[in-house]
Amino acid sequence: MTVYFKAGKGYRYDFMVKGKRYTKAWFKGKQAAKTAEVKRREEVEKKQELEATGDMALLDLLNLRLDYLLDRAYSESHYKKTKLAAKRLLDYFGKVPCSAITRLKADEFLMAVVKERTPVAGNNDLKVLRAAFSWGMKRGQRFIQDNPFAGLETFPSDKPKERKKTPKSDELDRMIEAAQPKHRPYLWVLRETLARSIEVHRLTWNRVNFEERYVELETRKNKNREPVLRRVPMTDKLYEVLSDLYADRDPGKEWVFWTRSYNAETGRMEEGPYKRGRYSMLQKICRDAGVDYYTFHRFRASGASVMDNSGALLPGIQRILGHADRRSTEIYLEKLRDVERDAMDVYERESRKDDDKVA
């Protein structure tokens with residue numbers, strides 16, 4: 001066993017298994033460190049036995065899935081839904097291998113969620129957990145052999161799906177005006193690029209071209225989740241905002257927007273790009289501006305609505321939004337247009353023609 005002592009700190013265990021290091025510090029006594037090492041070795045051996053048979057611990061699969069969602073820039077809402085569903089699943093089944101969860105048990109779990117919460121909550125858990133297990137199977141059958149959530153039907157719900165509201169330009173003006181000065185550049189960049197918030201978070205200065213007036217945004221919203229760059233021309237306002245940020249930038253930071261926070265695992269302060277949306281800030285400015293609560297994603301919808309209503313061509317809107325499939329843009333815009341009102345206007349105009357003649 002590899003247990004050693006460091007003056008002023010305590011005991012630590014440190015061992016290698018198949019080229020991977022396992023360590024933990026600091027223990028007050030040598031025996032405590034040895035006991036912890038034995039327990040950790042047993043966990044590692046059990047995990048390797050499961051993986052060798054195409055299975056793995058439920059906890060390990062869900063943690064890997066959450067890490068994957070963070071690394072591959074899935075939306076924060078999807079990450080949060082997956083994390084909450086994972087916690088409920090672990091609370092329900094405990095520390096079991098994935099193979100212990102059969103379709104019948106998966107259905108029983110979802111029924112318990114519906115009973116305790118709502119059918120909508122059950123359907124949300126079904127969706128994200130089905131995706132998590134499906135992902136585990138795609139990795140060359142290395143993790144698990146079966147998806148217990150595949151084929152399970154969604155629960156009927158009597159709650160109507162509400163139509164998402166899109167902020168108008170004057171509402172966005174009021175929101176930005178209500179924000180603190182330090183937050184306004186972030187909001188302006190979101191608004192003027194029509195970018196997803198995660199794309200703005202990872203924006204670096206080497207992707208900002210002031211000479212040719214464009215920014216390059218990186219997205220992974222495609223079939224293979226591979227990074228793809230797209231150029232978005234700068235508006236005058238975006239050029240002004242980015243120029244001011246660049247003049248006041250920290251030369252040691254590559255990101256346009258960065259944060260400094262405490263990492264509980266390492267016990268150190270760390271710096272890096274934004275990893276989360278500024279939702280508490282957004283909620284506050286919506287209240288202060290006297291408007292309905294709008295998510296950051298609705299900034300994109302607002303910009304797309306302006307372009308669509310002003311006659312911009314669909315291919316241009318599609319490229320700015322970063323949609324790989326034209327149909328995604330068509331569906332997106334269909335939700336923005338007041339197509340029902342237009343259709344009824346046509347009906348009213350055409351159906352009244354004979355009435356006008358009679359009169």
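The values are calculated or read from the model by the stated rules, or taken from the named source; none is laboratory data. Everything numeric here is computed off the predicted structure, so don't read it as measured data. All Cβ positions, even for glycine, are placed from backbone atoms using ideal geometry, and neighbour counts span all protein chains on display. Please note that ligands, DNA and RNA were not included when accessible areas were found on the heavy atoms of the full protein model with its side chains. Shrake-Rupley method; radii C 1.70, N 1.55, O 1.52, S 1.80 Å.
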Self-check item: Entry for log10 I(q)/I(0) by the Debye sum over Cα atoms at q = 0.07, 0.10, 0.15 Å⁻¹ (calculated from the structure that is shown) out of [x] -0.33, -0.68, -1.42; [y] -0.44, -0.70, -1.16; [z] -0.46, -0.87, -1.36
Solution: [z]
Self-check item: Residue-level accessible surface for I144, protein heavy atoms, 1.4 Å, Å²
Solution: 0
Exercise. State which entries of K83/K182; K165/K335; K9/K30; K182/K237 exceed 21 angstrom in Cα-Cα distance in the structure shown.
Key: K83/K182
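Using the heavy atoms of the protein chains alone and a 1.4 angstrom probe, what is the accessible area of the chain per residue in square angstrom?
Details: 22470 Å² over 359 residues.
I get 63 Å² per residue for the chain.
When only the heavy atoms of the protein chains count and the probe is 1.4 Å, how do V215, V339 rank by accessible area, highest first? Provide the component values of the computation, followed by the final result.
Values: V215 0, V339 45 Å².
Ranked list, largest accessible area first: V339, V215.
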Exercise. On the full set of protein chains, 1.4 Å probe, figure out the accessible area of W135 and give it in Å² to the nearest 10.
Key: 20
Quiz item: Given labels modelled 7 Å from the Cα in the Cβ direction, how far is it in nm from L229 to D170?
Solution: 4.1
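Cβ neighbours within 10 Å, averaged per peptide: list 328-335, 308-315 in order, most packed at the top. Present the calculation step by step, with values, prior to reporting the outcome.
On the way: 328-335: 15.1, 308-315: 11.1.
Final packing ranking: 328-335, 308-315.
Hey, what number do you get for the chain at 222 nm if only DSSP H runs of n ≥ 4 count, each worth -39500 (n - 2.57), divided across all residues, to the nearest 500?
Calculated from helices alone, the mean residue ellipticity at 222 nm is -16500 deg cm²/dmol.
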Quiz item: At a probe size of 1.4 Å, how large is the accessible area of T166, to the nearest 10 Å²?
Solution: 40
Exercise. Mind running the shape call on the stretch 143-189? Use the C-alpha gyration tensor, a ≥ b ≥ c as the square roots of the eigenvalues: rounded below 1.5 for a/c, prolate if a/b tops b/c, oblate otherwise.
Key: oblate
Exercise. Would you work out if the stretch 209-306 is rounded, prolate or oblate? Take a ≥ b ≥ c from the square roots of the eigenvalues of the alpha-carbon gyration tensor; rounded if a/c is under 1.5, else prolate when a/b is larger than b/c, oblate otherwise.
Key: rounded
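Given a 1.4 angstrom probe, I'd like the percentage of the accessible area of the stretch 1-136 that is carbon and sulfur, rounded to a whole number.
On the way: 4230 of 8070 Å².
Carbon and sulfur together cover 52 percent of it.
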Practice problem: Working from Cα positions, state the angle (0 to 90°, nearest 10) between the long axis of helix 236-247 and the longest principal axis of the chain. | Solution: 30
Quiz item: How do Y74, Y347 rank by accessible surface area computed with a 1.4 Å probe, from largest to smallest?
Solution: Y347, Y74
Self-check item: Listed residue (V200, P148, Q31) projecting farthest to the positive dipole end of the chain, Cβ model
Solution: Q31
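Going by average Cβ neighbours within 10 Å, how do the peptides 200-212, 4-16 rank, with the highest at the top?
Taking the mean over residues of other Cβ atoms within 10 Å, the ranking is 200-212, 4-16.
Taking 0.36 nm per residue of separation and subtracting the Cα-Cα distance, what length does fully extending Q31 through Q283 add? It would help to have the intermediate numbers written out before the result.
Numbers: separation 252, 0.36 × 252 = 90.72 nm, distance 5.05 nm.
Result for the pair: 85.7 nm of gain on full extension.
Once you have the Cα-Cα distance between D107 and S77, take 0.36 nm times their residue separation minus that, and quote the gain in nm to one decimal.
Values: separation 30, 0.36 × 30 = 10.80 nm, distance 2.39 nm.
The span from D107 to S77 would gain 8.4 nm if fully extended.
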Quiz item: Once the Cα atoms of helix 103-116 and of the chain are each reduced to a long axis, what angle between those two axes, in degrees from 0 to 90 to the nearest 10, is obtained?
Solution: 60
Quiz item: Using +1 on the beta carbon of Lys and Arg, -1 on that of Asp and Glu, and nothing else charged, what's the dipole of the chain about the Cα centre, debye to 20?
Solution: 1860
Quiz prompt | Added length on full extension, which subtracts the Cα-Cα distance from 0.36 nm per residue, R352 to W258 | solution = 27.9 nm
Exercise. Return the FRET efficiency for the residue pair E43, K87: r is the Cβ-Cβ distance, R0 is 25 Å, and the value is rounded to the nearest 0.05.
Key: 0.80
